[in-house]
Amino acid sequence: MAQPDPSDPDYIPSPYPWSRPRRASVHTLHHLLSSGCGTITGHLRCKRCDVTVEVAHDLRDKFMEVARFVAAERPRMHDRAPPVWMKPRLPTCQNCGYANAMKPVIAPKKRNINWLFLLLGQMLGCCSLAQLKYFCKHNSNHRTGAKDRVLYLTYLNLCKQLDPTGPFDR
């Protein structure tokens, strides 16, 4: 792999081991697994009691879950994110027991968003439209339109980054 060019306007220091040194991009599944990065971590915060916990996703299992969903549902999506992506079901807080309470902690600086963690947890729908447009801008996707369309493009593009040979082309 070529060395990153710090003079490139899209260059940033990788905020996570699974991130590439370009804005809004992640390494391929093959690269991550062969380099021993099989667990992707991130933080969730309870909307009710404000406790924060670290959560780990198994990269292979969670990506296969997302990929199977995309393959099965894509013909019915019509370039729009399904409701399950728009309003993701959030985990129950283990501290207070409140259901659908654990929201992902999303970095305030868009370049530091943990895109892969959000994809694997199927919580990209928790991002604002501005955050999703940022992702699309740095991945050469059309970024105007309703949130469901921009969210759909974000899911597909992240899947394509992980598995360039998969069925994730538009």
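The values are calculated or read from the model by the stated rules, or taken from the named source; none is laboratory data. Because the structure is predicted, anything quoted here is derived from the model rather than measured. Please note: Cβ atoms are built from the backbone with ideal geometry, for glycine as well, and neighbour counts cover all protein chains shown. What goes into the accessible areas is simple: the full protein's heavy atoms, side chains included, and nothing from ligands, DNA or RNA. Shrake-Rupley method; radii C 1.70, N 1.55, O 1.52, S 1.80 Å.
Looking at the stretch 114-132, I want the residues that are in contact (Cβ under 8 Å) with a residue 24 or more places away in the chain and have a partner that is hydroxyl-bearing (S, T, Y) and surrounded by 19 or more Cβ atoms within 10 Å (Cβ to Cβ) with Cβ atoms under 6 Å, at least 6 apart or on another chain. Which pairs are those?
Once the first residue is in contact (Cβ under 8 Å) with a residue 24 or more places away in the chain and sits in the stretch 114-132, its partners that are hydroxyl-bearing (S, T, Y) and surrounded by 19 or more Cβ atoms within 10 Å (Cβ to Cβ) give L124/T154.
Filter the stretch 87-99 down to the residues that are open to solvent by less than 60 Å² (accessible area, probe 1.4 Å) and within 19 Å of the chain's Cα centre (by Cα) and list them by number.
Passing the criteria: P88, L90, P91.
Name the residues in the stretch 151-170 that are in contact with a Lys or Arg (Cβ under 8 Å, 6 or more places away or on another chain) and in a helix (DSSP H, G or I), would you?
Matches in the stretch 151-170: Y152, L153, L156.
Being open to solvent by less than 80 Å² (accessible area, probe 1.4 Å), in a loop (DSSP other than H, G, I, E, B) and touching a residue at least 60 places away in the same chain (Cβ under 8 Å) is the requirement here; does D148 meet it?
No, not satisfied.
Need pairs with beta-carbon distance below 7 Å; first residue free of Cβ contacts under 8 Å to residues at least 24 places away in the same chain and farther than 16 Å from C159 by Cα and within the stretch 6-32, second part of a loop (DSSP other than H, G, I, E, B) and charged (D, E, K, R); sequence gap 6+ or separate chains.
Note: pairs meeting the criteria are Y11/D5; S14/R20.
Where residues in the stretch 37-68 are without any contact (Cβ under 8 Å) to a residue 24 or more places away in the chain and among the hydrophobic types (A, V, I, L, M, F, W, C), which of them is surrounded by the most Cβ atoms within 10 Å (Cβ to Cβ)?
C37
Mind listing whichever residues of the stretch 20-42 are assigned to a strand (DSSP E or B) and touching a Ser or Thr at 6+ places or on another chain (Cβ under 7 Å)?
Within the stretch 20-42, just V26 meets the criteria.
Search the stretch 71-94 for residues being part of a helix (DSSP H, G or I) and touching a helix residue (DSSP H, G or I) at 6+ places or on another chain (Cβ under 6 Å), and hand back the single one that is farthest from L118 (Cα to Cα).
M86
When the stretch 110-144 is examined, which residues are found to be surrounded by fewer than 22 Cβ atoms within 10 Å (Cβ to Cβ) and of a type in the set (V, I, T)?
T144, the sole residue that qualifies.
Only one residue in L116, L124 is modelled with pLDDT of 95 or more, over 20 Å from I12 (Cα atoms), in contact with a Leu (Cβ under 8 Å, 6 or more places away or on another chain) and of a type outside the set (G, A, S). Which one?
Of L116, L124, the one residue that is modelled with pLDDT of 95 or more, over 20 Å from I12 (Cα atoms), in contact with a Leu (Cβ under 8 Å, 6 or more places away or on another chain) and of a type outside the set (G, A, S) is L124.
Out of curiosity, is L33 closer than 26 Å to D148 by Cβ, of a type outside the set (S, T, N, Q), modelled with pLDDT of 95 or more and open to solvent by less than 80 Å² (accessible area, probe 1.4 Å)?
No; evaluated as a whole, the condition is false for this residue.
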